[in-house]
Amino acid sequence: MSAQAIKTPVEILDQGPMRIRQWIVVAICIMGMAIDGYDVMSISLAAAGMSQEWGLSKAELGFLLPLEFLGMAGGLIFIGSMTDKHGRRLVFLLCLLVISLGMAASGYAPNKEILAATRVFTGIGIGGILATGTALSSEYSNAKNRGLTVILVAGGYTFGIFLASKIAAPLLTYYDWRSIFLFGSLVSACFIPLVYFFVPESIGFLERRRPAGAEQRIASTLQQIGHNERFQMASPEAEVESVSPMRLFQGKTARITFVMIACYLGNILTYYYFVKWMPPAVTDIGYSAIEGTEVLAMISVGGLTGSIAIALLSRFFRLKRLMLIALIGSTISVAAFPLFTGSLDAMLLAGAISGFFLFAVIGGSVGLFAESFPAAVLGSGVGVVLGTGRGGAVIGPWVGGLLFAAGMGLSSVSIIMAAGSLLAGVSLLFLPRD
């Protein structure tokens, strides 16, 4: 075989078939995202118990609900950049440890002030896993399946919310609200050895950064996952790339970065208002706390369907067009949801439809990230866009709480908060064609 015919490690992964061990890495990233989804929703499911124990007002609850997103913003921006400098696997493990400790601390919080601090701390780990999970799944996929796998990994977040809604009912039946946090801490801790033993460091990262023994580690990893062909390392010119987040705001990448930030920010504002406030809002209407978890479960079921649907459809249609359709659907469905609160069955159906569109947009957004950013700054790109966009995750529940506290009804608040998805759709129109 001539030297010209020998591929680089990244080319082997890009052009070769997906092996079982690569799908295992993707599956573990999906499960990691599921842990994130559970952790984010845990405080909404514990909200009724916290409010009763501590006598929280609507405004106070609206302040507490999104606090983990402050930590997530830092985790996404700074830890996302760390994955490009120090490796995906190490950061993944550290973030799981942070989540385990933070959730345990939330479960033992003696007052709302301590709980607030623990939620910010937990959010750092949640944000880090969002960035590392996306980067790992992208870099262990071949070119043919990369968009599909990244969107499926994003769907793992939805699956975690679904699990949270189903697990919360028995936990709240036999224990108090603290058990929701403690269960999440236990699951996160048990997940650490799974990542340690079954997720190798990213081959793309090793080839770009070339730490000591990189070539031997790459050869060993390629052999483990079933790619036994010879390889040559990429040339130094291809290897040396800036990993500064500022690269995202330079040249032709800047427009994509700003458009994706605006799109993600707008939809997340609507999304987190909806999923954070629906369980307590349903309870306020007169339904039980258990019925509130059923509504959240149906939102998650719809979301899982939407995530899978956009992943499959993206193989045949342009992702941007699919997202525009989903954004229109999420705007209409969230605004119209209060019209269906007259019966539990109607509310469950409306929740599923809203979840379908909202989660489809989130999955599609992550797919666009993977298509847009160079591999060398993928972690930074995901981190900056998601981290900045998470401002909507704070604003959505907080503004919703203020509007409810001001005496506005569910119908008026939902129409106002649905505008976030509408603005996201408008911003997406400015995404460059190429």
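A short reminder: the numbers here are calculations on the coordinates, not readings from a lab. This structure is a prediction, so every number in the text was calculated from the model and none was measured. Note: ideal-geometry Cβ built from the backbone for every residue, glycine included; neighbour counts use all protein chains shown.
A few points about this structure:
- Look at the dipole of the chain built from charges on Cβ: of Ala135, Leu64, Gly329, the Cα furthest out on the positive end belongs to Ala135.
- For the residues Met50, Met41, Met417, a GNM of the chain with alpha-carbon springs under 10 Å puts the largest fluctuation on Met50.
- Here the 3J(HN,Hα) profile of the stretch 352-369, calculated from phi with Karplus coefficients 6.51, -1.76 and 1.60 at θ = phi - 60°, is 5, 5, 4, x, 4, 6, 4, 6, 4, 5, 5, x, x, 4, 5, x, 5, 4 Hz, Gly and Pro shown as x.
- Note on the stretch 3-428: with charges restricted to the Cβ of Lys and Arg (+1) and Asp and Glu (-1), its dipole about the Cα centre is near 880 debye.
- Calculated from backbone phi, Karplus (6.51, -1.76, 1.60) coupling profile of the stretch 94-105 in Hz, x at Gly/Pro: 4, 5, 4, 5, 4, 4, 4, 5, x, 5, 5, 5
- Cut-off under 5 Å, modelled amide H: who pairs with Lys7 long-range: Gln232
- Residue order, fewest to most beta carbons within 10 Å, for Ile28, Ile192: Ile192, Ile28
- Entries of Lys85/Lys252; Lys252/Lys276; Lys144/Lys320; Lys7/Lys320 with Cα pairs more than 30 Å apart: Lys252/Lys276; Lys7/Lys320
- Put simply, when 309-317, 66-74, 328-336, 207-215 are sorted by average Cβ atoms within 10 angstrom per residue, most first, you get 66-74, 328-336, 309-317, 207-215.
- Normalised convex hull volume, the stretch 52-124, alpha-carbon set, Å³ per residue: 69 Å³
- The chain, relative contact order in percent, only Cα pairs under 8 angstrom and at least six apart counted: 27 percent
- Extension gain, Ala117 to Asn142: 0.36 nm times the residue separation minus the Cα-Cα distance gives 4.9 nm.
- Rounded Å value of the spacing that divides the Cα centres of the stretch 58-134 and the stretch 308-330: 30 Å
- Karplus 3J(HN,Hα) series, Hz, for the stretch 302-315 with 6.51 cos²θ - 1.76 cosθ + 1.60 (x for Gly, Pro): x, x, 4, 4, x, 5, 5, 4, 6, 5, 6, 5, 5, 6
- As a calculated quantity, the FRET efficiency between Arg321 and Glu11 at R0 = 25 Å, using C-beta atoms, amounts to about 0.25.
- Candidate aspartates and glutamates for bridging to Lys112, where Cα separation is under 19 Å - those fewer than 8 sequence places away on the same chain excluded: Asp39, Glu53, Glu60, Glu68, Asp176
- The residues Leu65, Leu94, when put in order of fewest to most other Cβ atoms within 10 Å, stand as Leu94, Leu65.
- Ranking of Lys112, Lys252 by count of other Cβ atoms within 10 Å, fewest first: Lys252, Lys112
- Structure-based [θ]222 nm, the chain - -39500 (n - 2.57) summed over DSSP H runs of at least 4, per residue, nearest 500: -26000 deg cm²/dmol
- FRET E, pair Gln216, Tyr175, Förster distance 35 Å, beta-carbon r, rounded to 0.05: 0.10
- Among Val282, Leu304, Gly351 the positive-end extreme of the charge dipole of the chain (Cβ point charges): Leu304
- Counted residue by residue at 0.36 nm each, then reduced by the alpha carbon distance between them, the extension gain from Ala189 to Glu371 reaches 62.3 nm.
- Kirkwood radius and radius of gyration were both taken over the C-alpha atoms of the chain, and their ratio Rg/Rh is 0.98.
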